[in-house]
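Asks: Take a look at this one; I'll ask things after.
The values are calculated or read from the model by the stated rules, or taken from the named source; none is laboratory data. Just so we're clear, the structure is a prediction, and the values are computed from it rather than from any experiment. Cβ sites come from the backbone with ideal geometry, for glycine too, and all protein chains shown count toward neighbours.
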2 protein chains.
Amino acid sequence: MSEPLFGKIALIGIGLIGGSIALEARKRGLAKHIVAATRSAETAALANKLKLADHCGTDLAEACRDADLVIVCTPVGACGPATKAIASALKPGCIVSDVGSVKQTVIADMAPHIPEGVHFVPAHPVAGTENSGPEAALLDLFQGRWCILTPLPDSDADAVAKLEAFWKGLGSQVERIDAKDHDRILAITSHLPHLIAYTIVGTADDLGGHLNSEVLKFAAGGFRDFTRIAASDPTMWRDVFMNNREAVLEVLQRFQEDLFYLQRAIRWGEGDKLFDLFTRTREIRRALIHLHQA
Amino acid sequence: MSEPLFGKIALIGIGLIGGSIALEARKRGLAKHIVAATRSAETAALANKLKLADHCGTDLAEACRDADLVIVCTPVGACGPATKAIASALKPGCIVSDVGSVKQTVIADMAPHIPEGVHFVPAHPVAGTENSGPEAALLDLFQGRWCILTPLPDSDADAVAKLEAFWKGLGSQVERIDAKDHDRILAITSHLPHLIAYTIVGTADDLGGHLNSEVLKFAAGGFRDFTRIAASDPTMWRDVFMNNREAVLEVLQRFQEDLFYLQRAIRWGEGDKLFDLFTRTREIRRALIHLHQA
Ligand SMILES: NC(=O)c1ccc[n+]([C@@H]2O[C@H](COP(=O)([O-])OP(=O)(O)OC[C@H]3O[C@@H](n4cnc5c(N)ncnc54)[C@H](OP(=O)(O)O)[C@@H]3O)[C@@H](O)[C@H]2O)c1
Ligand SMILES: NC(=O)c1ccc[n+]([C@@H]2O[C@H](COP(=O)([O-])OP(=O)(O)OC[C@H]3O[C@@H](n4cnc5c(N)ncnc54)[C@H](OP(=O)(O)O)[C@@H]3O)[C@@H](O)[C@H]2O)c1
């Protein structure tokens, strides 16, 4: 068997994403050692019990000592502080990356703490479930899904190539795009759908009185899917909305306009307008299936 | 084996729902004969090729002759005209029902055409997929799902009981509720989620320029689910919105208010408000799982 891509990998945060990276990297033999560190002793104990990494502790800096690749897998809002905490332990030539669902603010938060001689290459695997914590970690989570790299203009080319090889090794397809484009694309494909799902489940819950239990009881196809999405981790998603504010507000504005258009069509009995949109969206689904992303 | 519940069943419309009723009723031995009729010769031919009913034709009235149970399985907007077309062929004592996703307007459209001595019992199986047409018909579609009966004050008690037995025979749980409550509950659990999904997929598609193909390519969890919902049949859903206007506009208004609240929280950086809602919606998902409807 060929030499692993990395000697030692350190994962900072070991929930759904960090834990899945650990499982998959071990299975695919991408590193000799895989260590992790997390904030709480409880999560560390659970990660150790589940044998996600070789070892998981609570000293973030200690975990990064001698690491060739460090991936920060915390909620977006914790990426800056976590990087600050590990900075002094990073060895020259080490690659530091992350998995945050927002890229511009995470880059702004992490970059200032990266020492000279350490390579920073931001990334975002577009894969996940609504579950969180070490117990949510899964093999095959990244299989066939995209991982977006958003290198900085001065990112080291070899480091970018090596991180790309790593994500391909985990089963992903890799694409490099601009951090700003990333944030705009994800605002519409992921952040807005989550915001909408959270909203509608809340609205349904507020329809108090005798309807409330019936609403849950007869949860049909549509609503059921929304409750699943709206069960996603509150901390992660608060951080996403606080950190991708501009792009989310912009697509939200467009969405509101479009929804008012349909609202008006319903009010005035203009069925054709609905029919035309519904026909168009059906085609989009077919396009997605064609792209194997459905 | 005991005598089947019905001698002859006639299904008017043989797509996802009509076709699934035919398959399941035959498998479970609920009728001696199951015939169907639909508008177009193409759909009839497909239904015959798939052997959904014993026979499918295009003469709606002819199919209903001597039937003990007739279920109108067309889009909501076609229920009235279809009932008018079959009225003269209905025998005394026959039960007429439907499967429409809206109940008040369907009742208003169908009831005037029901002859003296024929029993009208409206129903709505809360089960489905985003596919339509005869090829979408499935066994086990109704298994464990609710079927809501919305009998009229003067509905014949024996006829209601017999229809209830039929839906239980198809695997459903049955509940009787008021048509008005039905329409309000479904507006939030099914109609609004569909409207939102259609809207957001349209909004994403309109984000033209170079982002468009990327939007599809990186369709993450949230958006993927929405495109599936937004692939549902345009005619069926146009009819639903045109026929449940009041209830949909009312919940849409509430939803808009709730969404503006979150929009404002994002704009002003009030993460706590988001976190609180996201925590509450997570509980609702748990309640649903507890009710075995997730
Ligand atoms: N979930 C998805 O679908 C998905 C998809 C793609 C990318 N992402 C991104 O991946 C990242 C992690 O998400 P996840 O779903 O894996 O979350 P998760 O399951 O909740 O795990 C988060 C991990 O980060 C740790 N952590 C939280 N705050 C910390 C802090 N202040 N310092 C150190 N560690 C901290 C947690 O440790 P403790 O339990 O010890 O506090 C836990 O180990 C987020 O940036 C998210 O945007 C998520
Ligand atoms: N889809 C769901 O998830 C779901 C769930 C519960 C209830 N429902 C309700 O079930 C009903 C049928 O939905 P579906 O999903 O089964 O639809 P579908 O698969 O599109 O099938 C509709 C059937 O009705 C026929 N039809 C349409 N217009 C007609 C007309 N004017 N006269 C006679 N036949 C006509 C169609 O025939 P041709 O092809 O020959 O035109 C087809 O056989 C709707 O009222 C819907 O609200 C749907």
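Asks: Scan B:Leu16, B:Leu11 and give me the residue that is away from ligand 1 (no atom under 16 Å from the Cβ) and more than 14 Å from chain A (Cβ to nearest Cβ).
Replies: Criteria check complete, one pass: B:Leu11.
Asks: Also, I was wondering about something else. Tell me the strands (runs of 3 or more DSSP E) entirely within the range A:37-115 that contain at least 1 residues that are under 29 Å from A:Phe241 (Cβ atoms) and either outside the structural domain of A:Gly128 (by TED's automatic domain parsing) or more than 10 Å from ligand 1 (Cβ to nearest atom) (or both).
Replies: Once the strands (runs of 3 or more DSSP E) in the range A:37-115 are filtered for at least 1 residues that are under 29 Å from A:Phe241 (Cβ atoms) and either outside the structural domain of A:Gly128 (by TED's automatic domain parsing) or more than 10 Å from ligand 1 (Cβ to nearest atom) (or both), what remains is A:69-72, A:95-98.
Asks: If you don't mind, there's one more thing I want to ask. Could you check, for the range A:233-250, whether at least one of its residues is part of a helix (DSSP H, G or I), modelled with pLDDT under 95 and under 17 Å from A:Asn131 (Cβ atoms)?
Replies: No - not one qualifying residue is present in the range A:233-250.
Asks: Is it the case that B:Asp158 is assigned by TED's automatic domain parsing to the domain that holds B:Val106, at pLDDT below 95 and over 30 Å from A:Ala197 (Cβ atoms)?
Replies: Here the answer is no, as B:Asp158 does not meet what is asked.
Asks: Output the residues belonging to the range A:124-160 that are touching a helix residue (DSSP H, G or I) at 6+ places or on another chain (Cβ under 8 Å) and not in a loop (DSSP other than H, G, I, E, B).
Replies: If the condition is that a residue be touching a helix residue (DSSP H, G or I) at 6+ places or on another chain (Cβ under 8 Å) and not in a loop (DSSP other than H, G, I, E, B), then A:His124, A:Pro125, A:Pro134, A:Glu135, A:Ala136, A:Trp146, A:Cys147, A:Ile148, A:Leu149 are the ones that fit.
Asks: Can you name every residue in the range A:161-202 that is among the aliphatic types (A, V, I, L, M) and within 22 Å of A:Val70 (Cα to Cα)?
Replies: A:Ala161, A:Leu163, A:Ala165, A:Leu170, A:Val174, A:Ile177, A:Ala179
Asks: Continuing with this model, one more query. Condition check: crowded, with 17+ Cβ neighbours inside 10 Å, among the hydrophobic types (A, V, I, L, M, F, W, C) and farther than 15 Å from A:Leu11 by Cα. Does A:Ala127 satisfy that?
Replies: Spelling it out, A:Ala127 is indeed crowded, with 17+ Cβ neighbours inside 10 Å, among the hydrophobic types (A, V, I, L, M, F, W, C) and farther than 15 Å from A:Leu11 by Cα.
Asks: Quick check on my filter: what residues within the range A:104-124 are of a type outside the set (A, V, I, L, M), within 14 Å of chain B (Cβ to nearest Cβ) and buried (at least 23 other Cβ atoms within 10 Å of the Cβ)?
Replies: A:His124
Asks: Identify, by number, the condition in (1) hydrophobic (A, V, I, L, M, F, W, C); (2) more than 7 Å from chain B (Cβ to nearest Cβ); (3) touching a Lys or Arg at 6+ places or on another chain (Cβ under 8 Å) that A:Val240 doesn't meet.
Replies: That leaves (3) as the condition not met.
Asks: Next up: Among the listed residues A:Leu149, A:Leu163, A:Leu170, identify the single one that is closer than 25 Å to A:Ala87 by Cβ and in contact with a Lys or Arg (Cβ under 7 Å, 6 or more places away or on another chain).
Replies: Testing whether each residue is closer than 25 Å to A:Ala87 by Cβ and in contact with a Lys or Arg (Cβ under 7 Å, 6 or more places away or on another chain) leaves just A:Leu149.
Asks: What is the residue count in the range A:130-163 for residues that are within 16 Å of ligand 1 (Cβ to nearest atom), away from chain B (no Cβ under 14 Å) and surrounded by fewer than 17 Cβ atoms within 10 Å (Cβ to Cβ)?
Replies: 4
Asks: Does A:Val99 qualify as being in contact with an Asp or Glu (Cβ under 8 Å, 6 or more places away or on another chain), buried (at least 24 other Cβ atoms within 10 Å of the Cβ) and of a type in the set (A, V, I, L, M)?
Replies: So A:Val99 does not fit the description; no.
Asks: Across the range B:255-294, what is the total count of residues that are more than 7 Å from chain A (Cβ to nearest Cβ), without any contact (Cβ under 8 Å) to a residue 24 or more places away in the chain and either assigned to a loop (DSSP other than H, G, I, E, B) or hydrophobic (A, V, I, L, M, F, W, C) (or both)?
Replies: The qualifying residues number 5.
Asks: If you don't mind, there's one more thing I want to ask. Within the range B:1-21, work out how many residues are out of contact with any helix residue (DSSP H, G or I) (no Cβ under 8 Å at 6 or more places or on another chain), part of a helix (DSSP H, G or I) and of a type in the set (A, V, I, L, M, F, W, C).
Replies: 2
Asks: With the condition kept exactly as written, say whether any residue in the range B:64-83 is surrounded by fewer than 18 Cβ atoms within 10 Å (Cβ to Cβ), at pLDDT 95 or above and aliphatic (A, V, I, L, M).
Replies: There is no residue in the range B:64-83 that is surrounded by fewer than 18 Cβ atoms within 10 Å (Cβ to Cβ), at pLDDT 95 or above and aliphatic (A, V, I, L, M).
Asks: Are any of the residues in the range B:48-57 in contact (Cβ under 8 Å) with a residue 60 or more places away in the chain, closer than 24 Å to B:Thr235 by Cα, among the small types (Gly, Ala, Ser) and surrounded by fewer than 24 Cβ atoms within 10 Å (Cβ to Cβ)?
Replies: Among the residues of the range B:48-57, not one is in contact (Cβ under 8 Å) with a residue 60 or more places away in the chain, closer than 24 Å to B:Thr235 by Cα, among the small types (Gly, Ala, Ser) and surrounded by fewer than 24 Cβ atoms within 10 Å (Cβ to Cβ), which makes the answer no.
Asks: Can you tell which of B:Ala63, B:Ala45 is in contact (Cβ under 8 Å) with a residue 12 or more places away in the chain and either of a type outside the set (Ser, Thr, Tyr) or over 17 Å from B:Gly19 (Cα atoms) (or both)?
Replies: Result of the check over B:Ala63, B:Ala45: B:Ala63.
Asks: Would you mind stating whether B:Ser172 is surrounded by 20 or more Cβ atoms within 10 Å (Cβ to Cβ), within 14 Å of another protein chain (Cβ to nearest Cβ) and over 13 Å from the mean Cα position of the chain (by Cα)?
Replies: For B:Ser172, the condition - surrounded by 20 or more Cβ atoms within 10 Å (Cβ to Cβ), within 14 Å of another protein chain (Cβ to nearest Cβ) and over 13 Å from the mean Cα position of the chain (by Cα) - is met.
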